[in-house]
Amino acid sequence: MAVAGEGDVKLLGAAVSPFAVLVRMALELKGVSYEYVDEDMGNKSELLLRSNPVHKKVPVLIHDGKPVCESLAIVEFVDELWDTAGRCILPADPYQRAVARFWAAYTDDKVRIFQNLHPVLFTSRDSAS
């Protein structure tokens, strides 16, 4: 399914990343075709390191050669860029949108805390050895 403004879309993710799953869900909701690249977090690709030089983490959405990092920023980008495609992810009302951003950031922080407490659950078996 081709969506207006789609261009070249690539998602760098990892199967163990709940943040990459969130972005995949947003892309699917919008009906955006994309190439998924499963990153080995124990042996990060040059593309990942070049696309996210600050944190060197997934997810990273690359649209027309320009990287967008951090799951919540990516979800907002997807919702705004493909505003006529699929369902809206965030509410149109500014107050409701602010409330949704608050709860998304709150949930994101809690997942990060859990991830830091239990890193073995978020490490691929290949990189653990």
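Taking the Cα centre of segment 21-117 as origin and assigning +1 to Lys and Arg Cβ atoms and -1 to Asp and Glu Cβ atoms, the resulting dipole is close to 240 debye. Principal axis extents of the Cα atoms in segment 51-105, from largest to smallest and rounded to whole angstrom, are 34, 24, 13.
So, with a 1.4 angstrom probe, what is the percent of accessible area on segment 1-94 that is carbon and sulfur?
57
Can you send over the solvent-accessible area of GLU70, 1.4 Å probe, protein chains only, in Å² to the nearest 10? Surface accessible to solvent at GLU70 totals approximately 70 Å².
Can you check what the Kirkwood hydrodynamic radius comes to for segment 1-108, Cα pairs only, in Å to one decimal?
It works out to 14.2 Å.
Of the residues CYS88, ASN43, CYS69, the one whose Cα sits farthest toward the positive end of the charge dipole of segment 1-95, with +1 on the Cβ of Lys and Arg and -1 on the Cβ of Asp and Glu, is ASN43.
The simple Förster model, with R0 at 25 Å and r as the Cβ-Cβ distance, assigns ASP8 and THR107 a FRET efficiency of 0.25.
Each label point was placed 7 Å from the Cα along the Cα-to-Cβ direction; for HIS55 and GLU28 their separation is 2.2 nm.
The values are calculated or read from the model by the stated rules, or taken from the named source; none is laboratory data. Note that this is a predicted model, so its numbers are computed, not measured. So basically every Cβ, Gly included, is an ideal-geometry build from the backbone, and we count neighbours across all protein chains shown. For the accessible areas, the whole protein counts, side chains as well, though only heavy atoms, and no ligand, DNA or RNA atoms are used. Shrake-Rupley method; radii C 1.70, N 1.55, O 1.52, S 1.80 Å.
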